[in-house]
Amino acid sequence: MRYGKIAILSDADVDGSHIQVLLLTLFYRHFPALIRHGHIYVAQPPLFRVDVNAQGKSRPAGKFYALDQGELEGILERLAAEKVKESAYSISCFKGLGEMNPDQLKDTTMNPDTRRLLRVGIPEHDSETTLAAFTRLMGKGETAARRSWMEAEGDRVEADI
């Protein structure tokens, strides 16, 4: 708490999301005041990097980071609108934070000016529903209830993670 924030860093894949949920459960169960006071954040590392070659003297080389497929498509559309040829750029996919070199990790996930952090919060008006959901989905001894719920409702879940 010396710095006012606790940032959960994990890979931008399903395993990383699982780690986030486990850590959020820990904070929710044992350190709820940290969440209530807005000290818990989830870092959003990019999944893609687009390296663009220099386009003559008028346009220097550049790199763009995309959080997901949607952002990648937006970058590619912008490059097409700027008449950048497909042969003038390359796309890299990060499989995890460990694949980034230190400068990339700093630029995308650690630097306060360029990183993306999501503040974790619990709606005060809905704290009982939140507690019930955490208990059902992450509670010890709730396996049967969790399975039943997943079979009945799992295809209708919309999660904002």
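Values for this structure:
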| item | result |
| --- | --- |
| Full-stretch length increase - GLU77, LYS140 - with 0.36 nm per residue and alpha-carbon distance subtracted | 18.0 nm |
| Accessible area per residue in Å² at 1.4 Å probe, computed on the chain | 70 |
| Gaussian network model of the chain, Cα within-10 Å springs - most flexible of LYS106, LYS140, LYS95 | LYS140 |
| Portion, in percent, of the accessible area of segment 48-93 that falls on carbon or sulfur, probe 1.4 Å | 52 |
| Viscosity 1.002 mPa s, temperature 20 °C, Stokes-Einstein D of segment 48-93 from Kirkwood C-alpha radius, µm²/s | 201 |
| Summed residue charge, Cβ within 9 Å of ILE91's Cβ, Lys/Arg positive, Asp/Glu negative | 0 |
| Structure-based [θ]222 nm, the chain - -39500 (n - 2.57) summed over DSSP H runs of at least 4, per residue, nearest 500 | -11500 deg cm²/dmol |
| Cβ-derived FRET efficiency at R0 25 Å, ARG119 paired with ASP68, nearest 0.05 | 0.85 |
| Pairwise Lys count, the chain - Cα closer than 25 Å, eight or more residues apart or different chains | 8 |
| Stokes-Einstein D for the chain, Kirkwood Rh over Cα pairs, 4 °C, 1.567 mPa s (µm²/s) | 70 |
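The values are calculated or read from the model by the stated rules, or taken from the named source; none is laboratory data. Fair warning: this is a prediction, and the values are worked out from it, not measured in the lab. Neighbour counts run over all protein chains shown; Cβ positions are idealised from the backbone, glycine included. Surface areas here come from the heavy atoms of the whole protein model, side chains and all, with no ligands, DNA or RNA. Shrake-Rupley method; radii C 1.70, N 1.55, O 1.52, S 1.80 Å.
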